[in-house]
Amino acid sequence: DGEAIFLDCGTTMHHFAQQLATRGLQLTVLTNSPSIGECLADVGGITHIVLGGQIRRKSGGISGPLALEIVNQFSIATAFIGASGITEEAITVADYNEAQLKASIIKRTQKVIVPIDHSKIGVFDFARVCEPRDIDIIVTDYADDRLKHICKDHAVKLKEAAVQPST
């Protein structure tokens, strides 16, 4: 409550934004996702800013030079960053421009949280975002031994979230 946060693009973040919308919190939300901006548009107490730039249809995220320039104007308390893979060496995504934007956000953030599902553990995708040690908390549906090892070696807090069944 009262923080400035970043919500990355992607389906996990969209579900997270929907939950935030019901909490009655006072927040400033910076996002690179037009769908998250739309989700939060009429929520009282939440001020939101949608980055400008190039939109990538596959992820629904905005990135590129303009988005990077805009990000430089902000300081963020907590960032929720999406990823398509995590290994001992790196957090990765499929798109280079999105990786650059995520890395820039991480540099301007006090606390970085990466929500990932278990299928992304051990996956190394095309573009490197950061090293695991640059993350504060990883939230997952199932932490296997590999993820536990990564978190322990890089001093990352690990949280297993209870998954709610779809209705």
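The values are calculated or read from the model by the stated rules, or taken from the named source; none is laboratory data. Keep in mind that what you see is a predicted model, and the values were worked out from it rather than measured. Note: ideal-geometry Cβ built from the backbone for every residue, glycine included; neighbour counts use all protein chains shown. Protein only, heavy atoms only, side chains kept; ligands, DNA and RNA dropped before computing areas. Shrake-Rupley method; radii C 1.70, N 1.55, O 1.52, S 1.80 Å.
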For GLN73 and GLU38, what is the calculated FRET efficiency with R₀ set at 22 Å and r taken between the beta-carbons, to the nearest 0.05? 0.50
Which ³J(HN,Hα) values in Hz, rounded to whole numbers, follow from the phi angles of segment 146-154 under the Karplus curve 6.51 cos²θ - 1.76 cosθ + 1.60, where θ = phi - 60° and Gly and Pro get x? 4, 5, 4, 5, 4, 5, 5, 5, 10
Measuring from a point 7 Å past the Cα of GLN26 along Cα-to-C-beta, which residues in segment 105-142 have an amide N at less than 15 Å? none
Counting only protein heavy atoms and a 1.4 Å probe, tell me what percentage of segment 8-167's accessible area is made up of carbon and sulfur. 50 percent
Difference of contour (0.36 nm per residue) and Cα-Cα distance, TYR142 to ASP1: 48.0 nm
Restricting to segment 1-120, compute how many DSSP beta bridges are antiparallel as a %, nearest 5. 25 percent
Over segment 1-88, consider all pairs of different Cα atoms and compute the Kirkwood hydrodynamic radius from their mean reciprocal separation; express it in Å, one decimal. 13.2 Å
Would segment 47-167 count as rounded, prolate or oblate if I go by the C-alpha gyration tensor, calling it rounded below 1.5 in a/c and otherwise prolate when a/b exceeds b/c, oblate otherwise? prolate
Row for segment 112-155, column shape: gyration tensor on C-alpha, a ≥ b ≥ c, rounded if a/c < 1.5 i.e. under 1.5, prolate if a/b over b/c, else oblate; value rounded
For THR11 and ASP117 in one chain, what is 0.36 nm times their gap in residues minus the Cα-Cα distance, to one decimal in nm? 37.0 nm
For segment 52-124, give me the percentage of DSSP beta bridges that are antiparallel, rounded to the nearest 5 percent. 50 percent
Solvent-accessible heavy-atom area per residue, rounded to whole Å², over segment 1-61 at 1.4 Å: 53 Å²
Give me, ordered by chain and number, the residues 5 or more places off ILE49 or on other chains with an amide H under 5 Å from its own placed amide H. VAL29, LEU30, THR31
Cross-link partners among lysines for LYS102, C-alpha distance below 18 Å, same-chain residues fewer than 8 apart left out? LYS58, LYS111, LYS120
Which value in nm describes the separation of the simple spin-label points at GLN110 and GLU131, placed 7 Å from the Cα toward the beta carbon? 2.5 nm
Might you tell me the accessible area per residue for segment 70-117, computed with a 1.4 Å probe and given in Å²? 38 Å²
